[in-house]
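J.: Mind having a look at this structure? Questions to follow.
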């Protein structure tokens, strides 16, 4: 999937994940804020999304209970599996703004060889299969 010139801000999930760079979005999922067609069963049953839908905040970070137990568990899992922190992402959006965050994500997750999306899940380009070099 080719990286768009600008990532739609709706690709920033309530929990702090950039859906644009998720393997599921690259294959068929429209993103957490979009319709249900193409979503995985686990995404459809997401407790964080259900809570977010109930409370009607734009981002979980705007809730007085942030970071709650659900978000802390989610963050721990993502740090361990993917080396990204949804909590830190959410704080960055609150401090620097969604547009700045998404621009940074676009630069970080665009393949330097073909400009397609690199998945944060496996660090592999969706087109040329180049493996992302980690920042040192």
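The values are calculated or read from the model by the stated rules, or taken from the named source; none is laboratory data. Quick caveat: nothing in here was measured; it's all calculated off a predicted structure. Here the Cβ is made from the backbone with ideal geometry for all residues, glycine too, and neighbour counts use every protein chain on show.
J.: Over 14 Å from the mean Cα position of the chain (by Cα) and closer than 28 Å to residue 131 by Cβ - does that describe any residue in the stretch 72-83?
T.: Yes - at least one qualifying residue is present in the stretch 72-83.
J.: In contact with a strand residue (DSSP E or B) (Cβ under 8 Å, 6 or more places away or on another chain), surrounded by 15 or more Cβ atoms within 10 Å (Cβ to Cβ) and at positive phi, is that true of residue 123?
T.: Details: in contact with a strand residue (DSSP E or B) (Cβ under 8 Å, 6 or more places away or on another chain): yes; surrounded by 15 or more Cβ atoms within 10 Å (Cβ to Cβ): yes; at positive phi: yes.
Yes, satisfied.
J.: Scan 57, 52 and give me the residue that is in a loop (DSSP other than H, G, I, E, B), over 25 Å from residue 3 (Cβ atoms) and modelled with pLDDT under 95. Let's see the steps before the verdict.
T.: Values: 52 fails: in a loop (DSSP other than H, G, I, E, B).
Every option except 57 fails the conditions.
J.: Okay, next question. Which residue, of 30, 67, 14, is outside any helix (DSSP H, G or I), modelled with pLDDT of 95 or more and out of contact with any strand residue (DSSP E or B) (no Cβ under 9 Å at 6 or more places or on another chain)?
T.: Working: 30 fails: modelled with pLDDT of 95 or more; 14 fails: modelled with pLDDT of 95 or more.
Criteria check complete, one pass: 67.
J.: Would you confirm whether any residue within the stretch 43-56 is under 27 Å from residue 129 (Cα atoms) and out of contact with any strand residue (DSSP E or B) (no Cβ under 8 Å at 6 or more places or on another chain)? Please lay out each step first, then the result.
T.: Here is the first cut: in the stretch 43-56, the residues under 27 Å from residue 129 (Cα atoms) are 43.
Of the ones still in play, those that are also out of contact with any strand residue (DSSP E or B) (no Cβ under 8 Å at 6 or more places or on another chain) are 43.
Checked against the condition, which is being under 27 Å from residue 129 (Cα atoms) and out of contact with any strand residue (DSSP E or B) (no Cβ under 8 Å at 6 or more places or on another chain), the stretch 43-56 yields at least one hit.
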